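Engineer: To start, I am sharing the structure in question, which I have written as structure tokens.
The values are calculated or read from the model by the stated rules, or taken from the named source; none is laboratory data. The structure presented is a predicted model; accordingly, all values stated were derived computationally and were not measured. No Cβ is skipped: glycine too gets one built from the backbone with ideal geometry, and neighbour counts run over all protein chains shown.
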Amino acid sequence: MKRTLIAVIWMVMLATARGADIATTYHFCPTLLHEANPIVSVLGGGWIALLVPNFLLCIFFSLCTIAYWRAKPYFSLVPYAQSPWDFAMLGLYGKKMTKRAFICRQLLGVCLPPRGHRAVFCQLAGFAVPPVIITGSFIAVFAWYATCEWHLAWFIQLHSHLSYTLVLVPCLLVWFAAEVVYFTSEYRRACSVNPIGTA
């Protein structure tokens, strides 16, 4: 039930957050002249170029969330994992490594995990990416209102100094927090199905 509730909340909030961001953008800047999305600001795309990727993004990560919801416990990893850290390393890469090496690989890695471990990565994305997108979307909504409606001087100054960092840093923090929660809960779930030390 808890897993089902999380999946439903994530998918509903993901669609709501993206919808709110797009609606706010249309309200304050229907011409997209001040839109910060790189699809518009860098590539010069219009509304169709903005809407189609957003729609596909919501569909893709909703499917990842469904994969998370349907995933069976990875109890086969439990005899080899003494902690959620081990569980995460084995689940994503099939081997143990130092915490430093694992964190560096998570921060700097640009490749997907090896074959046989991508299902875990997909399920992780289904749990961790929706709150990241939700966070970024609501920051964007707040930014439109703060700059165009409320004229908050402190936020305008902060935004001018930090630019994309204002969204990127909170999103990264949410990602890492969600990743910790995911692997901790999945490790406990697997242990409850097949306690450590059993075959």
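Engineer: Could you look through the stretch 1-47, keep only residues that are under 30 Å from K72 (Cα atoms) and among the charged types (D, E, K, R), and pick out the one that is modelled with the highest pLDDT?
Structural biologist: The residue in question is R18.
Engineer: Has the stretch 70-79 got any residue that is part of a helix (DSSP H, G or I), surrounded by fewer than 14 Cβ atoms within 10 Å (Cβ to Cβ) and of a type in the set (S, T, N, Q)? Let's see the steps before the verdict.
Structural biologist: Narrowing the stretch 70-79 to residues part of a helix (DSSP H, G or I): 70, 75-79.
From the residues that got through so far, the ones that are surrounded by fewer than 14 Cβ atoms within 10 Å (Cβ to Cβ) too are 70, 76, 79.
Right, trim to of a type in the set (S, T, N, Q) and you get 76.
Yes; the residues of the stretch 70-79 include at least one that is part of a helix (DSSP H, G or I), surrounded by fewer than 14 Cβ atoms within 10 Å (Cβ to Cβ) and of a type in the set (S, T, N, Q).
Engineer: Kindly list, by first and then second residue, each pair from a residue in the stretch 149-173 that is under 17 Å from E35 (Cα atoms) to a residue that is hydroxyl-bearing (S, T, Y), limited to pairs with Cβ atoms under 6 Å and residues at least 6 apart or on different chains.
Structural biologist: Listed by first residue and then by second, the contacts come to I156/T147.
Engineer: Here is a further query. Which residue pairs have Cβ atoms closer than 8 Å, lie 6 or more positions apart in sequence or on different chains, and pair a first residue in the stretch 84-107 that is more than 14 Å from E179 (Cα to Cα) with a second residue that is part of a helix (DSSP H, G or I) and among the basic types (K, R)?
Structural biologist: Between residues of the stretch 84-107 that are more than 14 Å from E179 (Cα to Cα) and residues that are part of a helix (DSSP H, G or I) and among the basic types (K, R), the close pairs are Y93/R105; M97/R105.
Engineer: Just checking, does the stretch 95-104 include any residue being within 22 Å of the chain's Cα centre (by Cα) and buried (at least 16 other Cβ atoms within 10 Å of the Cβ)?
Structural biologist: Yes.
Engineer: Would you confirm, using the coordinates I've provided, whether V129 is within 30 Å of C29 (Cβ to Cβ), surrounded by 14 or more Cβ atoms within 10 Å (Cβ to Cβ) and β-branched (V, I, T)?
Structural biologist: Working: within 30 Å of C29 (Cβ to Cβ): yes; surrounded by 14 or more Cβ atoms within 10 Å (Cβ to Cβ): yes; β-branched (V, I, T): yes.
Criteria met by V129.
Engineer: Looking at the stretch 124-142, I want the residues that are outside any helix (DSSP H, G or I) and have a partner that is of a type in the set (D, E) with Cβ atoms under 8 Å, at least 6 apart or on another chain. Which pairs are those?
Structural biologist: none
Engineer: I would also like to ask the following. For the stretch 7-58, what are the residues that are closer than 20 Å to I156 by Cβ and part of a helix (DSSP H, G or I)?
Structural biologist: D21, T24, T25, H27, F28, S41
Engineer: Considering L124, L90, which residue is touching a Lys or Arg at 6+ places or on another chain (Cβ under 8 Å) and either at pLDDT 90 or above or surrounded by 13 or more Cβ atoms within 10 Å (Cβ to Cβ) (or both)? I'd like the intermediate steps shown before the answer.
Structural biologist: Values: L124 fails: touching a Lys or Arg at 6+ places or on another chain (Cβ under 8 Å).
Answer to the selection: L90.
Engineer: Please state which one of A49, A17 is small (G, A, S) and crowded, with 18+ Cβ neighbours inside 10 Å.
Structural biologist: Numbers: A49 fails: crowded, with 18+ Cβ neighbours inside 10 Å.
Only one candidate qualifies: A17.
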